[in-house]
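Undergrad: The structure is given below, and queries will be raised subsequently.
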Amino acid sequence: MYNRERNYPEDNLGRTKITSLLFAVIIAGVLFGTMVYCGRDNKDIFLNEALCNGFIKQTHSRSIIDVFYRAISWTSLLVILQCFLGFCAISQPAEIFILFYRGMTLGISIAYTYGIYGTKGFVVSLFMILPHALITSVVLVYSAREALRFSNIYVCYLSNNISERTEEPEIKLYFVRFAVLMIFTFLSAVVDCVVTYLLTGILLM
């Protein structure tokens, strides 16, 4: 167990490359989401929570609880899904698709905001969407990387390259890392609540 967790320069380089590729998947999703928005005549469909993940800000007032729920629910769901997918040896495509999906919802939300508010939509997106989006994107990238790593461990485990004895502490560490990611998800939702409360009357009215 200790030998597999030891850090080598080449291991750090590999993790950096994987992390960069996972961020690239989100960016590809953003571009795809923008094209999807531009290709649809009925823009109201994009207000569906499954297509915007709560990123779109609206002029009518919402309670703090509602804003917090919209900010935390979808990211929490995706992080938990990544966590469980890590226990499947063949779930890597789904783990990567989650990042693409998050990028798509972000691209749709930014394009919708720009379409509704015009040039002011750039400012709205910059201050009211991107802070929460960037934090949760980092959370999802690290959750995907952790799930991918654990999926690979399970491949080795099922092929008898890793003993059952060394798997137990790996699972404990796996859940600890996801618990930390959920804490960051919570903090990001709090930040989104504060930003929404402070800027809705200034930028959206």
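Undergrad: Answer yes or no as to whether SER109 is closer than 16 Å to GLY33 by Cβ, open to solvent by less than 60 Å² (accessible area, probe 1.4 Å), polar (S, T, N, Q) and free of Cβ contacts under 8 Å to residues at least 24 places away in the same chain. Talk me through it step by step, then tell me what you get.
TA: Working: closer than 16 Å to GLY33 by Cβ: yes; open to solvent by less than 60 Å² (accessible area, probe 1.4 Å): yes; polar (S, T, N, Q): yes; free of Cβ contacts under 8 Å to residues at least 24 places away in the same chain: no.
Considered against the rule, which asks whether it is closer than 16 Å to GLY33 by Cβ, open to solvent by less than 60 Å² (accessible area, probe 1.4 Å), polar (S, T, N, Q) and free of Cβ contacts under 8 Å to residues at least 24 places away in the same chain, SER109 comes out as no.
Undergrad: Please specify each residue of the stretch 40-75 satisfying the condition of being open to solvent by 60 Å² or more (accessible area, probe 1.4 Å) and among the hydroxyl-bearing types (Ser, Thr, Tyr).
TA: THR59, SER61, SER63, TYR69, listed by residue number.
Undergrad: Filter the stretch 168-205 down to residues that are under 16 Å from the mean Cα position of the chain (by Cα) and of a type in the set (D, E, K, R) and give me whichever is nearest to PHE122 (Cα to Cα).
TA: Result: ASP192.
Undergrad: Okay, moving on. Do the conditions hold for TYR157, that is, is it open to solvent by 10 Å² or more (accessible area, probe 1.4 Å) and either modelled with pLDDT of 95 or more or basic (Lys, Arg) (or both)?
TA: On the way: open to solvent by 10 Å² or more (accessible area, probe 1.4 Å): yes; either modelled with pLDDT of 95 or more or basic (Lys, Arg) (or both): no.
No.
Undergrad: Quick check: anything in the stretch 119-137 closer than 24 Å to LEU187 by Cβ, among the aromatic types (Phe, Trp, Tyr), open to solvent by less than 80 Å² (accessible area, probe 1.4 Å) and touching a residue at least 60 places away in the same chain (Cβ under 8 Å)?
TA: no
Undergrad: Please list, ordered by first then second residue, the pairs with beta carbon atoms under 9 Å, 6 or more apart or interchain, first in the stretch 71-88 and more than 14 Å from ALA133 (Cα to Cα), second assigned to a helix (DSSP H, G or I) and among the basic types (Lys, Arg).
TA: Close Cβ pairs satisfying both conditions: GLY86/ARG149.
Undergrad: To continue, here is another question. Considering GLN92, GLN82, which residue is open to solvent by less than 60 Å² (accessible area, probe 1.4 Å), at negative phi and at pLDDT below 95?
TA: Working: GLN82 fails: at pLDDT below 95.
GLN92 is the lone residue from the list that is open to solvent by less than 60 Å² (accessible area, probe 1.4 Å), at negative phi and at pLDDT below 95.
The values are calculated or read from the model by the stated rules, or taken from the named source; none is laboratory data. Everything numeric here is computed off the predicted structure, so don't read it as measured data. Glycine gets a Cβ as well: all are built from the backbone with ideal geometry, and neighbour counts include every protein chain shown. Quick note on the areas: whole protein, heavy atoms, side chains included, nothing else; ligands and nucleic acids left out. Shrake-Rupley method; radii C 1.70, N 1.55, O 1.52, S 1.80 Å.
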